[in-house]
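The values are calculated or read from the model by the stated rules, or taken from the named source; none is laboratory data. All figures in this text were calculated on a predicted structure; none of them were measured in a lab. As a convention, Cβ positions derive from the backbone with ideal geometry for all residues, glycine included, and neighbour counts pool all protein chains shown. Note: areas computed on protein heavy atoms with side chains; ligands, DNA, RNA excluded. Shrake-Rupley method; radii C 1.70, N 1.55, O 1.52, S 1.80 Å.
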Amino acid sequence: MQVLKYTEGGEFKLHYDANEQEHRMLTVLLYLNGVGETWFPLALRDPADAASVENQNPPRVAALAAARQLLPRRDGLTVAPKIGDAVAFYNLLDGGVGQVDRLSLHAGLPAPGVKSVAALWYHVDLKQGDDGAAGLTPLAVGVGPAAKSYPGQGEKAAH
Ligand SMILES: O=C(O)CCC(=O)C(=O)O
Ligand SMILES: [Fe+2]
């Protein structure tokens, strides 16, 4: 878990919580003081729109370029939490074993005052199947910013 404290005007620019090395399959954000907003620019777009970014899961740069044409509170999903609210979202496709879900792009918008958020990341560690690149399987799931060791396949660990 990581606790973030922003001073007035502080922000966390558009980013992904997961990447090819860091398999954070699920993020839970806890809004400790109910100040500030989190923006998901690519969320809630029309799935029927074949040209829309979420149907292509485009490379990171293309997703960022698309998001930069969008505005908080007008586009996507802007979470304006009350104190004690939590938001959970997946960062990886295919139940946590796939590519980074480009729709998980998000930002902590400039804070109107002191903003306190706790972030929990649920990790999945991947091992290659016997047949090489295919068949990635979850090895274990842990909680924490950097789950380093796992007790064994299929077991759950808190870090
Ligand atoms: O502060 C926020 O609203 C977002 C925090 C965040 O994205 C993170 O901790 O990864
Ligand atoms: Fe984040």
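Where strands (runs of 3 or more DSSP E) sit wholly within the stretch 1-53, those with at least 2 residues that are closer than 17 Å to LEU120 by Cβ and modelled with pLDDT under 95 occupy 24-31.
Every residue, every condition in (1) within 11 Å of ligand 1 (Cβ to nearest atom); (2) of a type in the set (Ser, Thr, Tyr); (3) open to solvent by less than 70 Å² (accessible area, probe 1.4 Å), yes or no:
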residue: GLN2; (1), (2), (3): yes, no, no
residue: TYR6; (1), (2), (3): yes, yes, yes
residue: GLN21; (1), (2), (3): no, no, no
residue: VAL28; (1), (2), (3): yes, no, yes
residue: LEU32; (1), (2), (3): yes, no, no
residue: GLY36; (1), (2), (3): yes, no, yes
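Selection within the stretch 72-94: residues that are in a loop (DSSP other than H, G, I, E, B) and within 10 Å of PHE40 (Cα to Cα). The member of this set that is nearest to ligand 1 (Cβ to nearest atom) is PRO72.
Across the stretch 95-113, what is the total count of residues that are assigned to a strand (DSSP E or B) and open to solvent by 40 Å² or more (accessible area, probe 1.4 Å)? Spell out the reasoning first.
Of the residues in the stretch 95-113, the ones assigned to a strand (DSSP E or B) are 100, 106-108.
Those left that are additionally open to solvent by 40 Å² or more (accessible area, probe 1.4 Å): none.
Matching residues across the stretch 95-113 total 0.
Report the residue count in the stretch 8-19 for those that are away from ligand 2 (no atom under 13 Å from the Cβ) and open to solvent by 80 Å² or more (accessible area, probe 1.4 Å). Don't jump to the end; show me each part of the working.
First, the residues of the stretch 8-19 that are away from ligand 2 (no atom under 13 Å from the Cβ): 8-10.
Checking which are open to solvent by 80 Å² or more (accessible area, probe 1.4 Å) leaves us with 8.
The number of residues fulfilling the criteria is 1.
Inspection of the stretch 62-79 finds a residue satisfying the criterion of being at pLDDT 90 or above, at positive phi and in contact with a strand residue (DSSP E or B) (Cβ under 9 Å, 6 or more places away or on another chain). Checked against (1) among the aliphatic types (A, V, I, L, M); (2) surrounded by 21 or more Cβ atoms within 10 Å (Cβ to Cβ); (3) not in a strand (DSSP E or B), VAL124 meets all criteria but (3).
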